[in-house]
1. Given springs between every Cα pair under 10 Å in a Gaussian network model of the chain, which of A23, A82, A109 has the largest fluctuation?
2. Within region 1-87, which trypsin sites (Lys or Arg not before Pro) sit in a loop by DSSP and count at most 15 neighbouring Cβ atoms inside 10 Å?
3. What percentage of the solvent-accessible surface of the chain, computed with a 1.4 Å probe over protein heavy atoms, is contributed by carbon and sulfur atoms?
4. In nanometres, what is the gap between the two model label sites at D121 and E4, each 7 Å from Cα along Cα-to-Cβ?
5. When the scattering of the chain is computed by the Debye formula from its Cα atoms alone, each counted once and equally, what is log10 I(q)/I(0) at q = 0.09, 0.22 Å⁻¹?
6. Spit out the partnerless Cys residues in the chain, using Cβ distances under 4.7 Å as the pairing rule.
7. Just to confirm, what accessible area per residue do you get for the chain at 1.4 Å probe, in whole Å²?
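The values are calculated or read from the model by the stated rules, or taken from the named source; none is laboratory data. The shown structure was predicted, so the numbers you read here are calculated from the model rather than taken from an experiment. In this analysis, Cβ positions are derived from the backbone assuming ideal geometry, glycine residues included, and neighbour counts consider all displayed protein chains. Side chains included, ligands, DNA and RNA excluded: accessible areas come from the protein's heavy atoms. Shrake-Rupley method; radii C 1.70, N 1.55, O 1.52, S 1.80 Å.
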Amino acid sequence: ICQEENTLRELRIFLRDICAKLARNKQFFMFTKPVDVEEVPDYLDIIKEPMDLETLMSKIDKHSYICARDFLDDIDLIVRNALEYNPDKSAEDKHIRHRACSLRDKAYAFIKAEMDSDFEDTCRDIRDKR
Ligand SMILES: O=C(C1CCC1)N1C[C@@H]2C[C@H]3C[C@@H](O)[C@@H](O)[C@]2(C1)O3
(Lines give C-alpha, C1' and ligand atoms only; values in the text may rest on other atoms or scores of the structure.)
Protein backbone atom coordinates (compact mmCIF):
# COMPACT_ATOMS: atom_id res chain seq x y z
CA ILE A 1 0.00 0.00 0.00
CA CYS A 2 1.09 3.58 -0.46
CA GLN A 3 2.18 4.34 3.10
CA GLU A 4 4.31 1.19 2.99
CA GLU A 5 6.02 2.39 -0.21
CA ASN A 6 6.67 5.76 1.44
CA THR A 7 8.27 3.96 4.40
CA LEU A 8 10.46 1.78 2.16
CA ARG A 9 11.51 4.82 0.09
CA GLU A 10 12.63 6.54 3.28
CA LEU A 11 14.52 3.38 4.30
CA ARG A 12 16.36 3.32 0.92
CA ILE A 13 17.37 6.99 1.28
CA PHE A 14 18.64 6.26 4.79
CA LEU A 15 20.57 3.11 3.79
CA ARG A 16 22.18 4.85 0.76
CA ASP A 17 23.52 7.54 3.11
CA ILE A 18 24.98 4.93 5.51
CA CYS A 19 26.47 2.88 2.65
CA ALA A 20 28.01 5.99 1.03
CA LYS A 21 29.58 7.06 4.34
CA LEU A 22 31.14 3.60 4.81
CA ALA A 23 32.34 3.45 1.17
CA ARG A 24 34.07 6.86 1.32
CA ASN A 25 35.95 5.96 4.52
CA LYS A 26 39.57 5.28 3.39
CA GLN A 27 39.85 2.60 6.13
CA PHE A 28 37.27 0.49 4.26
CA PHE A 29 38.61 0.76 0.69
CA MET A 30 39.33 -3.03 0.73
CA PHE A 31 35.57 -3.69 1.14
CA THR A 32 34.35 -1.32 -1.57
CA LYS A 33 34.59 -3.67 -4.57
CA PRO A 34 34.22 -7.44 -5.13
CA VAL A 35 37.42 -9.43 -4.48
CA ASP A 36 39.15 -9.86 -7.86
CA VAL A 37 38.94 -13.61 -8.54
CA GLU A 38 41.63 -13.29 -11.29
CA GLU A 39 43.97 -11.94 -8.58
CA VAL A 40 42.70 -14.47 -5.97
CA PRO A 41 41.94 -17.70 -7.90
CA ASP A 42 40.89 -19.81 -4.85
CA TYR A 43 38.59 -17.12 -3.40
CA LEU A 44 35.31 -18.71 -4.59
CA ASP A 45 36.42 -22.15 -3.35
CA ILE A 46 36.44 -20.73 0.19
CA ILE A 47 33.86 -17.90 0.08
CA LYS A 48 30.47 -19.12 -1.17
CA GLU A 49 28.68 -15.76 -1.09
CA PRO A 50 30.98 -12.79 -1.85
CA MET A 51 29.73 -9.35 -0.78
CA ASP A 52 31.10 -5.78 -0.94
CA LEU A 53 29.89 -2.20 -0.43
CA GLU A 54 29.32 -1.51 -4.15
CA THR A 55 27.10 -4.62 -4.40
CA LEU A 56 25.34 -3.54 -1.18
CA MET A 57 24.55 -0.14 -2.77
CA SER A 58 23.18 -1.77 -5.93
CA LYS A 59 20.97 -4.05 -3.80
CA ILE A 60 19.45 -0.98 -2.11
CA ASP A 61 18.51 0.38 -5.55
CA LYS A 62 17.00 -2.99 -6.47
CA HIS A 63 14.76 -2.75 -3.40
CA SER A 64 16.46 -5.85 -1.91
CA TYR A 65 16.23 -4.49 1.64
CA ILE A 66 12.93 -3.78 3.37
CA CYS A 67 14.39 -3.24 6.83
CA ALA A 68 17.75 -2.20 8.30
CA ARG A 69 18.23 -5.72 9.70
CA ASP A 70 18.42 -7.16 6.15
CA PHE A 71 21.03 -4.52 5.22
CA LEU A 72 23.09 -5.31 8.34
CA ASP A 73 22.94 -9.03 7.48
CA ASP A 74 24.87 -8.21 4.26
CA ILE A 75 27.33 -6.04 6.23
CA ASP A 76 27.85 -9.07 8.51
CA LEU A 77 28.43 -11.19 5.37
CA ILE A 78 31.24 -8.84 4.21
CA VAL A 79 32.80 -9.15 7.68
CA ARG A 80 32.39 -12.96 7.93
CA ASN A 81 33.94 -13.45 4.46
CA ALA A 82 36.94 -11.29 5.39
CA LEU A 83 37.47 -13.18 8.68
CA GLU A 84 37.10 -16.58 6.96
CA TYR A 85 39.40 -15.89 4.01
CA ASN A 86 42.04 -14.06 6.07
CA PRO A 87 42.38 -16.13 9.29
CA ASP A 88 46.17 -16.23 9.69
CA LYS A 89 48.52 -14.78 12.31
CA SER A 90 50.22 -12.63 9.64
CA ALA A 91 50.20 -8.85 10.04
CA GLU A 92 48.24 -8.48 6.79
CA ASP A 93 45.49 -10.91 7.86
CA LYS A 94 45.29 -9.30 11.32
CA HIS A 95 44.96 -5.88 9.66
CA ILE A 96 42.14 -7.11 7.40
CA ARG A 97 40.29 -8.68 10.34
CA HIS A 98 40.70 -5.51 12.41
CA ARG A 99 39.27 -3.39 9.57
CA ALA A 100 36.39 -5.87 9.08
CA CYS A 101 35.43 -5.58 12.76
CA SER A 102 35.66 -1.78 12.50
CA LEU A 103 33.35 -1.83 9.44
CA ARG A 104 30.75 -3.80 11.38
CA ASP A 105 30.96 -1.55 14.44
CA LYS A 106 30.71 1.63 12.33
CA ALA A 107 27.71 0.30 10.38
CA TYR A 108 25.82 -0.70 13.53
CA ALA A 109 26.69 2.62 15.19
CA PHE A 110 25.40 4.67 12.20
CA ILE A 111 22.13 2.68 12.15
CA LYS A 112 21.64 3.01 15.93
CA ALA A 113 22.50 6.72 15.92
CA GLU A 114 20.32 7.66 12.97
CA MET A 115 17.46 5.17 12.89
CA ASP A 116 14.34 5.59 14.97
CA SER A 117 13.54 2.16 16.45
CA ASP A 118 9.82 2.64 15.74
CA PHE A 119 10.73 3.19 12.06
CA GLU A 120 12.67 -0.11 12.01
CA ASP A 121 9.74 -1.86 13.74
CA THR A 122 7.42 -0.57 10.98
CA CYS A 123 9.85 -1.88 8.33
CA ARG A 124 10.03 -5.28 10.08
CA ASP A 125 6.21 -5.47 10.12
CA ILE A 126 6.16 -4.77 6.34
CA ARG A 127 8.86 -7.44 5.78
CA ASP A 128 7.15 -10.02 7.97
CA LYS A 129 3.77 -9.71 6.27
CA ARG A 130 5.19 -9.94 2.72
O1 LIG B 1 39.47 -10.93 1.44
C2 LIG B 1 39.94 -10.05 0.71
C3 LIG B 1 39.53 -8.60 0.84
C4 LIG B 1 40.14 -8.00 2.09
C5 LIG B 1 38.76 -7.92 2.72
C6 LIG B 1 38.14 -8.40 1.42
N7 LIG B 1 40.85 -10.32 -0.25
C8 LIG B 1 41.46 -11.61 -0.47
C9 LIG B 1 42.92 -11.28 -0.81
C10 LIG B 1 43.79 -11.64 0.38
C11 LIG B 1 44.46 -10.30 0.75
C12 LIG B 1 45.62 -10.08 -0.23
C13 LIG B 1 45.33 -9.08 -1.29
O14 LIG B 1 46.17 -9.25 -2.40
C15 LIG B 1 43.90 -9.12 -1.83
O16 LIG B 1 43.85 -9.87 -3.02
C17 LIG B 1 42.95 -9.73 -0.84
C18 LIG B 1 41.52 -9.34 -1.05
O19 LIG B 1 43.40 -9.38 0.44
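1. Highest fluctuation of the listed residues: A109.
2. Working: sites: R9, R12, R16, K21, R24, K26, K48, K59, K62, R69, R80; in loops: R24, K48, K62.
Hits after loop and neighbour filter: R24, K48, K62.
3. On the way: 4100 of 7790 Å².
Roughly 53 percent, rounded to a whole number.
4. 1.9
5. For the chain at q = 0.09, 0.22 Å⁻¹, log10 I(q)/I(0) is -0.29, -1.30.
6. Result for the chain is C2, C19, C101, no neighbouring Cys Cβ within the cutoff.
7. Working: 7790 Å² over 130 residues.
On a per-residue basis, the chain sits at 60 Å².
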